[in-house]
Structures are given as C-alpha cells and as structure tokens.
Amino acid sequence: MPHPTYSVIVPCYNEEAVLHETHKRLTNVLSQMDGPYEIVYVNDGSRDKTPDILRELAENDPHVRALMFARNAGHQMAVTAGLDYACGDAIVIIDADLQDPPEVIPEMAAKWRNGAQVVYGQRRKREGETAFKKFTASAYYKILSWLTDGFAPRDTGDFRLVDKKAADVVRGMPEHARYLRGMFAWVGFRQEPVLFDRDKRFAGETHYPFKKMFKFAMDGILSFSFKPLKFITWLGALGILASGVTLLVLLILLCCGVPGGLWWLAMLMMGCTGAVLCALGVTGEYIARIYDEVRGRPLYIVADAIGFESEEE
C-alpha cells in the first residue's frame, strides 16, 4: 500500500454493536478523498467481540491496521498508541460511537490543505445527552477556559485532524496524565475550528460514566493550570482575614461584657482545618502526578499489531 496521506485513529472499547457501521461510514468518506488512507483501530482491552471484528476487518480490508492492548489503558492512551503507529501526513482522531460524524472529515481536510495544521471539531449541538450532561460540560469548559487563560477552545473533544508536524510534537510529550485535546491546543501552530452537530450514540452504551468524566476533567485542569495551587494562597489569606475579623468581634464582645463562648473558637477551628485539608488535597494531586511520572511505566502495552508487518519488512 502506498504511503497514506490520511491516517484515521479509532479507539475502541466494547464497540461490537457499532464497529461495522463505523467502518462502513469511514470507508465511504475516505475512499472519496484526495489521497491514500489507513484506518488504525486501537482495541483498548475490550471484553466483547471487538477484537474479533477488528481482525475480520483487517483481513478483508488492506487499509485497516489494528492494535490490540494487553489490558485496558484508557481512551487517551489508546489515542496515544494510534498516534505513535499512524504514518499519514494528516492524522484524524475520531471515536467509534459515531457521535462525531465521519462526514465532517473532508471539511477538516480542506482546511488542512489550505494551511491549517490543527483542525478541531467544535460542537454546535449535542444530541442525545441529558440536561445534566450538557450543563456540566458547559460549566467545565468555562472553568477550564478561565483556568488556562482561554488557550483550550470550548465545546471541543478529541475529534480533530492534525498535521504530522503537530503530531510529532505531541508524540514527544511523555506525561502519563494525558489530556490530548489540551496538548494539541498547547503545541500552537495554525489552528482552525470546524463546526458540526454532535449526534447521539449510534449503538451501545457510553463508556464515560460520571466518575471517569470527573477524573478526566481533573486531568485537564491539573495538567494545564497551576491556578489551583494559587488558590491555596488565596484561601490562606482568606483564613487569616476571617481570623482577624473573628478576633475583633471577640474583643468587642469582651469590652461590652458579653462572653463570646466557644462557638466562635469552634467556627474558627473548622475554617482553619478546612483550609489546611483543601491545601493538602490539591498539593497531593500534584504530588501524585509527579510520582506517576517518576515511576516511568510505559504508557500502554501492545499485545499484537495487525497490518503493520508489511511496512516493517
């Protein structure tokens, strides 16, 4: 197969219900584009028939490559593996659930042809999501934008096209707590959006419950902002101010002959204790990430790579 112009990375975790449709739509789009292509599926330790389907696709379609993880490593690590193995001049990242429509890829490619080096999908609408999910997503992007001084665009996910030069920079960033949409925003280069309406999931169930979403959100904040550390200073200053006001009130009460009792002291102790615990918690989050980096464990483990042998020979 000739050197691909386009590489499409598709992370997969228990996607047996949607994979055939995903491959069909991707193939329909990519076969009409202006260059050869490859599709790199990354099986992130699926427990259903996803590995079997990927092997079948690789056998029947020479454009398909498949990476099989030895264990579940998470969505961001699956995309990272795809980036490491993809060899196209332009690399597209898209989830398998078809919420991000493959039909948007040609518009991304057109912007890339015109000089954009990172083309990110920006959502206009979010179909099939609860009001709670939409509210929390909107609030999160606003908070992240404020904490990172607006370098990360709002309402964007991992769906994007990146030039090989930008991808090479991200490949050289080895941190474990990965937040790829932030990493691609951080590298700079010429970046442009493509607006699209996000569809509801084609089939199956979401693999991002609230607990995972919260952890992912924390990774995004703590990986790209030191403002939470500054909050400790602000909180400490507020605690000192509150202590001074409390002391003044107690002195006034004492001068007026009114006993202050122990309630003020109890309130002051609770406030100081809360501030200390909050400071320790935030500091601990950063220390945990330092520890994770120092251990130097591999980001992912590939048990099998299908379709790559021809290039290695």
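Among the residues of the range 76-104, write down those that are under 12 Å from Asn43 (Cβ atoms) and in contact with an Asp or Glu (Cβ under 7 Å, 6 or more places away or on another chain).
Ala78, Ala96
Among the strands (runs of 3 or more DSSP E) confined wholly to the range 25-94, which include 2 or more residues that are surrounded by 21 or more Cβ atoms within 10 Å (Cβ to Cβ), touching a strand residue (DSSP E or B) at 6+ places or on another chain (Cβ under 7 Å) and of a type in the set (Ser, Thr, Tyr)?
Values: elements: 37-43, 64-69, 90-93.
Those strands (runs of 3 or more DSSP E) span 37-43.
If you scan the range 155-199, which residues turn out to be part of a loop (DSSP other than H, G, I, E, B) and in contact (Cβ under 8 Å) with a residue 12 or more places away in the chain?
Listed by number, the residues that qualify are Asp155, Pro174, Glu175, His176, Ala177, Arg178, Tyr179, Val187, Phe189, Arg190, Asp199.
Each reported figure results from applying straightforward, stated rules to the coordinates on display, with no laboratory input. Because the structure is predicted, anything quoted here is derived from the model rather than measured. All Cβ positions, glycine included, derive from the backbone under ideal geometry; neighbour counts span all protein chains shown.
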